[in-house]
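K.L.:
Please find one structure pasted underneath; my questions will follow.
Any read-out appearing in this document is the output of simple, stated calculations on the displayed coordinates, not a laboratory observation. Since we're looking at a predicted model, the values are computed, not measured. Using ideal geometry, Cβ is built from the backbone for each residue, glycine included, and neighbour counts are taken over all protein chains shown.
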Amino acid sequence: MMKTKAWLLFLAGLCLACEDEINVDLEEGDPLLVVDAWVTNKPEEQVILLSLTQSYFAEETAPPVTGAIVSLSDDAGTRYSFTEREAGEYVWSPTATVATLGEVGDNYRLSVETREGEIYEAESTMNRVPSVDSVTFRFEEETLFLPDSWLAEFWARDPVGIGDTYWIRAFKNGVFLNLPSDITIAYDAGVSAGDGETDGKVFLLPIRRGINPDVEDEDGDQLSPYDPGDSVYVEIHSITHEAFDYLTELSIQTDRPGGFAELFAEPLANVPTNVSHVNGNKPAVGFFNIAAVNGNGSRLE
């Protein structure tokens with residue numbers, strides 16, 4: 001009994017200690033290139049963002065990298081040039097003869113040359129993607145975790161052949177659901193690499209319903225993800241295995257539990273990158289993936 005009381009007192013003291021503000025002086029390293037290059041075969045402008053890393057506690061936006069030469073090239077030697085439109089924003093636009101960027105099955109190399117002459121490269125393959133057959137809504141009565149709710153669900157089937165990986169992206173009323181908790185990825189029709197049991201199947205329920213955002217009122221009470229009049233649009237993006245691992249780790253590192261639960265959470269770690277420094281040994285961060293995309297949407301009437 002005494003040991004139990006001592007343990008409870010220890011936990012109470014620990015929780016109180018967590019309320020104290022602690023200022024940590026972190027050693028600042030040299031800024032690194034950040035590459036945000038998630039391009040697709042959609043017939044629209046494709047954007048690559050370049051910036052520099054900054055101090056962990058910095059409140060200003062990351063400094064953009066300007067004056068770089070940015071391009072993609074395929075195995076046949078076709079080159080797609082990206083033009084700087086705003087500071088750090090590099091854009092490729094469709095033309096009358098080239099409406100989309102890339103072909104399924106082809107390999108692509110991203111090249112970034114900074115104004116200082118530093119050259120960075122990354123490679124990616126545009127993999128196949130299944131069709132989104134439909135998006136439906138289902139009403140479910142109140143449970144322990146949710147009030148009366150309208151839940152959205154998309155329907156698609158993974159093509160036969162083990163090893164396809166995808167990023168499912170959803171838009172509610174035209175707004176991209178971009179919180180860390182909104183990241184939904186799939187390996188074949190399941191949540192992770194397995195023994196092939198999900199190959200060629202309809203996507204599993206947790207994947208299909210991963211398009212439902214967490215919605216709370218001002219008091220923090222859970223609300224229905226969708227209400228009559230809301231719309232949802234779902235896109236499946238094909239990604240490489242490396243991109244699947246990147247998004248997995250990104251979700252772990254950014255969707256943190258906070259508070260006391262952090263004592264038992266996975267330790268903070270660097271997220272992997274496929275960007276390499278060609279003419280030096282200065283690392284970069286970020287990722288390059290070129291995706292085939294298929295989408296569909298619906299409105300809750």
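K.L.:
Highest first, please rank the peptides 67-80, 138-151 by the mean number of other Cβ atoms sitting within 10 Å of their residues.
P.N.:
Working: 67-80: 14.9, 138-151: 11.4.
So the peptides 67-80, 138-151, ranked by packing, come out 67-80, 138-151.
K.L.:
Then there is this: Could you give the nm distance between label points at Ser181 and Ser71, where each point is 7 Å from its Cα heading toward the beta carbon?
P.N.:
4.5
K.L.:
At 0.36 nm per residue, minus the direct Cα-Cα distance, what do Asp221 and Ser192 gain on full extension? Give it in nm, one decimal, please.
P.N.:
Values: separation 29, 0.36 × 29 = 10.44 nm, distance 3.10 nm.
Extra length from Asp221 to Ser192 when fully extended: 7.3 nm.
K.L.:
Separate question: How much length, in nm to one decimal, is gained on full extension between Glu45 and Ala62, taken as 0.36 nm per residue of separation minus their Cα-Cα distance?
P.N.:
Details: separation 17, 0.36 × 17 = 6.12 nm, distance 2.30 nm.
Full extension of this stretch gives 3.8 nm more.
K.L.:
What spacing in nm lies between the two simple spin-label points modelled at Asn281 and Ile162, each 7 Å away from Cα in the Cβ direction?
P.N.:
3.9
K.L.:
Starting with the fewest neighbours, write out Tyr166, Tyr120, Tyr226 ranked by other beta-carbon atoms found within 10 Å of each beta-carbon. Let's see the in-between values first.
P.N.:
Working: Tyr166 29, Tyr120 26, Tyr226 23.
Least crowded to most crowded, the residues run Tyr226, Tyr120, Tyr166.
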